[in-house]
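Worksheet: one structure, shown below.
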Ligand SMILES: [Zn+2]
Ligand SMILES: [Zn+2]
């Protein structure tokens, strides 16, 4: 892939807080690497805030965004990043939700209308007017990020910002998926894919009372899964996970987190009667085949789950502050963004990479 990007020499200096520019990792075209470059520092308009980024997780969505993999593509140039955590530095007119100095998380749902039927019924994540961080709005792969004050979530004291970053998408997404799955105590929950999302899904399913089966193709990830509370593990490269799960009675719920349509089909076939399959991952290949006959006769539910609301994210932080969850992550400098993306794509990362903007030079 690409070599480490040098930090622009024109950025830095002694007066960073009053600087009009910052550096950001910018996508210019879907075939090339991100470029770390000097761009204008954002200014908060009405309802907006500017946050000094402390940490920003790398989600598979950022990689899909950078490659233009999905039917609805972002428009270059843009800055990815939707697991941003940092300190509010500037407050725009009318912002009452947060104050300067607060630590906040800036999730995928960067903006919603607040008045449509989805927004007022607790489904703001389905708002048709929504804007998304790192996709339609510039994200947190930068020194500073602009956000709507109403759509950020405060990070409680006692939650490490490096942990808070992965919780902001991987955490809330899997927390919501377990809610949508309807997991109750004693349910058998199959988690397909133990990575940035999966390692958290296992913990939330266990917190909900489920007995967790983790499915992956990498032994070290399965070991991690057991550490985090999975009762059973199966290596799908060595053993048919469908057979394995049916030998245990079949899954009450299966959560599809691996970006492979084949894994979605295995998740479907691992269900017991009345089971629920939750679609979460978004493979570039957009289709799977499901049988109608078995779905009807077995009373199967298939449901999609997209991120979570601000309330879900608050609950995620509350659980973490109470010591109920562990975040497996490693930190890298934002200047390593291209290598980090290549490592995630090659499956070389156990869970999550969190970028930290490099310290400013004195
Ligand atoms: Zn994400
Ligand atoms: Zn709305």
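The values are calculated or read from the model by the stated rules, or taken from the named source; none is laboratory data. Owing to the predicted nature of the structure, the values given are computational and were not obtained by experimental measurement. Please note: Cβ atoms are built from the backbone with ideal geometry, for glycine as well, and neighbour counts cover all protein chains shown.
The sole residue among 110, 122 that is within 16 Å of ligand 2 (Cβ to nearest atom), assigned to a loop (DSSP other than H, G, I, E, B), closer than 16 Å to residue 313 by Cβ and touching a residue at least 12 places away in the same chain (Cβ under 8 Å) is 122. With respect to the conditions (1) under 16 Å from residue 263 (Cα atoms); (2) at pLDDT below 95, residue 215 falls short on a single one, namely (2).
One line per residue, one yes/no per condition, for (1) within 16 Å of ligand 1 (Cβ to nearest atom); (2) surrounded by fewer than 24 Cβ atoms within 10 Å (Cβ to Cβ); (3) closer than 20 Å to residue 357 by Cα:
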{"position": "118", "(1), (2), (3)": "no, yes, no"}
{"position": "123", "(1), (2), (3)": "no, yes, no"}
{"position": "133", "(1), (2), (3)": "yes, no, yes"}
{"position": "157", "(1), (2), (3)": "no, yes, no"}
{"position": "164", "(1), (2), (3)": "yes, no, yes"}
{"position": "186", "(1), (2), (3)": "no, yes, no"}
{"position": "192", "(1), (2), (3)": "no, no, no"}
{"position": "207", "(1), (2), (3)": "no, yes, no"}
{"position": "212", "(1), (2), (3)": "no, no, no"}
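If I filter the range 128-137 for residues that are touching a helix residue (DSSP H, G or I) at 6+ places or on another chain (Cβ under 8 Å) and away from ligand 2 (no atom under 15 Å from the Cβ), do I get at least one hit? Checked against the condition, which is being touching a helix residue (DSSP H, G or I) at 6+ places or on another chain (Cβ under 8 Å) and away from ligand 2 (no atom under 15 Å from the Cβ), the range 128-137 yields at least one hit.
Take residue 140 and tell me if it is within 16 Å of ligand 2 (Cβ to nearest atom) and farther than 30 Å from residue 231 by Cβ.
Numbers: within 16 Å of ligand 2 (Cβ to nearest atom): no; farther than 30 Å from residue 231 by Cβ: yes.
In short, no.
Every condition in (1) in a loop (DSSP other than H, G, I, E, B); (2) touching a strand residue (DSSP E or B) at 6+ places or on another chain (Cβ under 8 Å) is met by residue 96 except one, and the failing one is (2).
Counting the residues of the range 32-84 that are more than 16 Å from ligand 2 (Cβ to nearest atom) and in a loop (DSSP other than H, G, I, E, B) gives 25. Would you be able to say whether some residue in the range 89-104 is on the phi < 0 side of the Ramachandran plot and within 16 Å of ligand 2 (Cβ to nearest atom)? For the range 89-104, residues on the phi < 0 side of the Ramachandran plot and within 16 Å of ligand 2 (Cβ to nearest atom): absent. Scan the range 248-262 and give yes if some residue there is surrounded by fewer than 23 Cβ atoms within 10 Å (Cβ to Cβ) and within 16 Å of ligand 1 (Cβ to nearest atom), otherwise no. Taking every residue of the range 248-262 in turn, at least one turns out to be surrounded by fewer than 23 Cβ atoms within 10 Å (Cβ to Cβ) and within 16 Å of ligand 1 (Cβ to nearest atom).
Does residue 316 qualify as being assigned to a helix (DSSP H, G or I), loosely packed, with under 14 Cβ neighbours inside 10 Å, in contact (Cβ under 8 Å) with a residue 12 or more places away in the chain and out of contact with any strand residue (DSSP E or B) (no Cβ under 8 Å at 6 or more places or on another chain)? So residue 316 fails the test.
Looking only at the range 282-301, decide whether some residue is within 21 Å of the chain's Cα centre (by Cα) and within 21 Å of residue 244 (Cβ to Cβ). So far as the range 282-301 goes, no, none of its residues is within 21 Å of the chain's Cα centre (by Cα) and within 21 Å of residue 244 (Cβ to Cβ). On inspection, residue 152 qualifies as crowded, with 23+ Cβ neighbours inside 10 Å, within 20 Å of residue 315 (Cβ to Cβ) and within 16 Å of ligand 1 (Cβ to nearest atom).
For the range 275-297, a residue qualifies if it is out of contact with any strand residue (DSSP E or B) (no Cβ under 8 Å at 6 or more places or on another chain) and either crowded, with 17+ Cβ neighbours inside 10 Å or within 18 Å of residue 179 (Cα to Cα) (or both), and the qualifying residues are 283, 288. Of the numbered criteria (1) out of contact with any strand residue (DSSP E or B) (no Cβ under 6 Å at 6 or more places or on another chain); (2) at pLDDT 95 or above; (3) under 19 Å from residue 196 (Cβ atoms), the one residue 255 fails is (1). Among the residues of the range 321-340, not one is touching a helix residue (DSSP H, G or I) at 6+ places or on another chain (Cβ under 6 Å) and part of a helix (DSSP H, G or I).
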